[in-house]
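Chemist: Got a structure here, written out as structure tokens. Questions coming.
The values are calculated or read from the model by the stated rules, or taken from the named source; none is laboratory data. Because the structure is predicted, anything quoted here is derived from the model rather than measured. No Cβ is skipped: glycine too gets one built from the backbone with ideal geometry, and neighbour counts run over all protein chains shown.
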Amino acid sequence: MKVFTSKLLGFLVFFFFYHCQAFPHYKFVVKEVPYTRLCNTKNILTVNGQFPGPALYVNKGDTIVVDVYNRGKYNITIHWHGVLQPRYPWSDGPEYITQCAIQPGAKFRQKIIFTTEEGTLWWHAHSTWLRATVHGALIIYPKMGTSYPFPKPDAEIPIILGDWWKEDIMELYQILERDGDAIQHNSEAFLINGQPGDLYPCSKPETFRLKVNRGLTYLLRIVNSILVDSLFFSVANHTVTVVGSDGSYLKPFKRSFIFIPAGQTVDVLLEANQSPNHYYMAASVYSTGGIGVFNNSTTTAIIEYNGNYTPSSRPVLPYLPSHSDTAAGLNFTASLRSLADKEHPVDVPMEINTHFLYKKIFCADGKTRTLASVNNISFLNPSIDILQAYYCCIQGVYGTNFPDFPLFVFDFTTEVYPMDWEIPNVGTEVKMLDYNSTVELVFQGTNLLKGSDHPMHLHGYLFYVVGLGMGNFDKDKDPLMYNLLDPPLQNTIHIPKKGWVAIRFKAKNPGVWYMHCHFDKHMVWGMDTVFIVKDGESPEAKMLPPPPDMPPC
Ligand code: C2O
Ligand code: CU
């Protein structure tokens, strides 16, 4: 009997590994479900009926398979934000860039290949504006048998910062695409783990609560999934220790608040070391110098110490910088430093053979709609995805003339300029890169159309943030101040209005990789472009072939 059981077990294990290629499988069913927030009920698109969507837990270096079933009524794609997907852009997800959409009723099997990422990343829809409700955390634990570069926390809690819109998301998207920003739209509330918190109407009972034991340490894995806003976040009476961002560790530093641009993740340690009580954690918006119409509300969750005591009648609110505090955000970003030790070496490209200066203009074409651009080109979505066109040598889908430098150089911070500077060219232009080329890219924020800050995100890569500052980038002076010793490794970086950020990376991941502003409004208006990194010579330097079930266009 025993022998039989173990044989059967052996067979089952074989069966499992053989048929599932040994990769853990997950099922994502995209469907509409009614949710009630702020006294109103509406249908929202979810994964598996959950909002925020399910968190996936992996170890560093794992590969997983996710079957995405589209049971909703809109085309959709799913992206694994910050996962490098080496040589395998086929599962990366951005619509029109690496795949055509999964149509209603269809299914797509995506393979997510983790390599060097460790910490917190996230997944989200990457077509139209559907990521508003279709997103969740990716938690990447250290490899089995290894541990964190800090004392192991007693518990880990994903904190998903989101937003809630009164309007139907697809209706909003269509207005934005058609009219630009003719009418200013703002979200109705910000959310912590799907809940606005008790400062908003009809929200008190469901407020997210985190019960803590005095003396223990909690790892908060914070994700900013918000469509068009960067946030300040803090916990009343507690300082947090920042230990990671974008799936990489950082030299720990303590702060009373953090700044988290749209698309980024920040990992912090929270020590429950205050007198037992109820404390708010809270987040509110940073809004480019506080101009324009923005959502100035505050989302809260409650930290509740366990034990026998009478809490104050209202939890204590934390200090948050003012909505226009640009310096607070910049100072936080400038504090990020890689560990740069034996186990976490830095490998900043020193010899740079490709330079770009990206002037990020925010432009209108005539009177009818708003456009945004990079190097004066407003990106136009192609009719079929660029990856397929590249791989199958289909002509006429994209051009390869994305300029390395702005077509004309001026004082990017100027308040006064001729109207026609605001009018970009429109096109589908990509930048070709040779395998292993070392790239330096300078993002220059401008003041056109009153300007804005921009969280820029690159797919398929992590990049070193080697420098940042306000004003016009000075190509002679600013590089002398670069941090080449322990720059942070990010996939998303905040570019201040009228400021600049310099990044470096080595083009060692062949494929088609999207780069865009993570304010979806700006992305819709064309603040994006694509890098095509060519294959290298050796077989390990070539893109892998596509899976059999790529969604048809
Ligand atoms: Cu978080 Cu292109 O995306
Ligand atoms: Cu932007």
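A quick yes/no check of all residues on (1) in a loop (DSSP other than H, G, I, E, B); (2) not acidic (Asp, Glu):
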| position | (1), (2) |
| --- | --- |
| VAL512 | no, yes |
| VAL530 | no, yes |
| ASP535 | yes, no |
| PRO545 | yes, yes |
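Chemist: Looking at PRO321, PRO345 in this structure, which one is closer than 30 Å to TYR249 by Cβ, outside the structural domain of VAL442 (by TED's automatic domain parsing) and in contact with a helix residue (DSSP H, G or I) (Cβ under 7 Å, 6 or more places away or on another chain)?
Modeler: Of the residues listed, the single one that is closer than 30 Å to TYR249 by Cβ, outside the structural domain of VAL442 (by TED's automatic domain parsing) and in contact with a helix residue (DSSP H, G or I) (Cβ under 7 Å, 6 or more places away or on another chain) is PRO321.
Chemist: Return only the number of the condition from (1) within 18 Å of GLY244 (Cβ to Cβ); (2) in a loop (DSSP other than H, G, I, E, B); (3) in contact with a Lys or Arg (Cβ under 9 Å, 6 or more places away or on another chain) that TYR148 does not satisfy.
Modeler: (3)
Residues checked against (1) in contact with a strand residue (DSSP E or B) (Cβ under 9 Å, 6 or more places away or on another chain); (2) assigned by TED's automatic domain parsing to the domain that holds GLY451; (3) of a type outside the set (Asp, Glu); (4) within 16 Å of ligand 2 (Cβ to nearest atom):
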| residue | (1), (2), (3), (4) |
| --- | --- |
| GLY105 | yes, no, yes, no |
| ILE113 | yes, no, yes, no |
| GLU117 | yes, no, no, no |
| ALA125 | yes, no, yes, no |
| TRP129 | no, no, yes, yes |
| GLY136 | yes, no, yes, no |
| ASP168 | yes, no, no, no |
| GLU171 | no, no, no, no |
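Chemist: Here's something else I'd like to know. In segment 450-465, what residues are touching a helix residue (DSSP H, G or I) at 6+ places or on another chain (Cβ under 7 Å) and either assigned to a strand (DSSP E or B) or away from ligand 2 (no atom under 14 Å from the Cβ) (or both)?
Modeler: HIS454, GLY460
Chemist: Is it fair to say HIS518 is within 16 Å of ligand 1 (Cβ to nearest atom), surrounded by 22 or more Cβ atoms within 10 Å (Cβ to Cβ), in contact (Cβ under 8 Å) with a residue 40 or more places away in the chain and within 21 Å of TYR249 (Cα to Cα)?
Modeler: Here the answer is no, as HIS518 does not meet what is asked.
Chemist: Could I ask something else about it? Those residues that are surrounded by fewer than 20 Cβ atoms within 10 Å (Cβ to Cβ) and at pLDDT 75 or above, I need them from segment 358-381; list them, please.
Modeler: ASN376, LEU380, ASN381
Chemist: Right, next: Residue pairs, Cβ under 6 Å, 6 or more apart or interchain, first in segment 116-138 and under 12 Å from ASP246 (Cβ atoms), second of a type in the set (S, T, N, Q) and within 11 Å of ligand 1 (Cβ to nearest atom). List them.
Modeler: From segment 116-138, the pairs are THR120/THR265.
Chemist: Within segment 485-515, which residues are small (Gly, Ala, Ser) and either within 16 Å of ligand 1 (Cβ to nearest atom) or out of contact with any Gly (no Cβ under 9 Å at 6 or more places or on another chain) (or both)?
Modeler: ALA507, GLY511
Chemist: Among the numbered criteria (1) in contact with a helix residue (DSSP H, G or I) (Cβ under 9 Å, 6 or more places away or on another chain); (2) among the acidic types (Asp, Glu); (3) away from ligand 1 (no atom under 15 Å from the Cβ), which single criterion is violated by ASP92?
Modeler: Going through (1) in contact with a helix residue (DSSP H, G or I) (Cβ under 9 Å, 6 or more places away or on another chain); (2) among the acidic types (Asp, Glu); (3) away from ligand 1 (no atom under 15 Å from the Cβ) one by one, ASP92 breaks only (3).
Chemist: Please work out which one of (1) part of a loop (DSSP other than H, G, I, E, B); (2) within 16 Å of ligand 1 (Cβ to nearest atom) is the condition HIS79 fails and give its number.
Modeler: (1)
Chemist: Still on this structure, please answer the following. Only one of GLY93, GLY82 is outside the structural domain of VAL533 (by TED's automatic domain parsing), within 21 Å of the chain's Cα centre (by Cα) and without any contact (Cβ under 8 Å) to a residue 40 or more places away in the chain; which?
Modeler: Testing whether each residue is outside the structural domain of VAL533 (by TED's automatic domain parsing), within 21 Å of the chain's Cα centre (by Cα) and without any contact (Cβ under 8 Å) to a residue 40 or more places away in the chain leaves just GLY93.
Chemist: Kindly indicate which of ILE112, ILE139 is among the β-branched types (Val, Ile, Thr) and within 16 Å of ligand 1 (Cβ to nearest atom).
Modeler: ILE112
Chemist: Further question: On the basis of being away from ligand 2 (no atom under 16 Å from the Cβ), touching a residue at least 24 places away in the same chain (Cβ under 8 Å), among the aliphatic types (A, V, I, L, M) and surrounded by 22 or more Cβ atoms within 10 Å (Cβ to Cβ), does VAL533 make the cut?
Modeler: When the stated conditions are applied, VAL533 passes them.
Chemist: Out of PHE233, PHE190, PHE208, PHE253, I need the residue that is out of contact with any Pro (no Cβ under 8 Å at 6 or more places or on another chain), crowded, with 22+ Cβ neighbours inside 10 Å and more than 20 Å from SER127 (Cα to Cα). Which one?
Modeler: The match here is PHE233.
Chemist: Given the residues THR428, THR446, which is the only one that is polar (S, T, N, Q) and at pLDDT 95 or above?
Modeler: Of the residues listed, the single one that is polar (S, T, N, Q) and at pLDDT 95 or above is THR428.
Residue-by-condition table, conditions (1) farther than 20 Å from ASN376 by Cβ; (2) within 16 Å of ligand 1 (Cβ to nearest atom):
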| site | (1), (2) |
| --- | --- |
| ASP434 | yes, no |
| GLN444 | no, no |
| GLY451 | no, no |
| HIS454 | no, yes |
| HIS457 | yes, yes |
| PHE463 | yes, yes |
| GLY467 | yes, no |
| PHE473 | no, no |
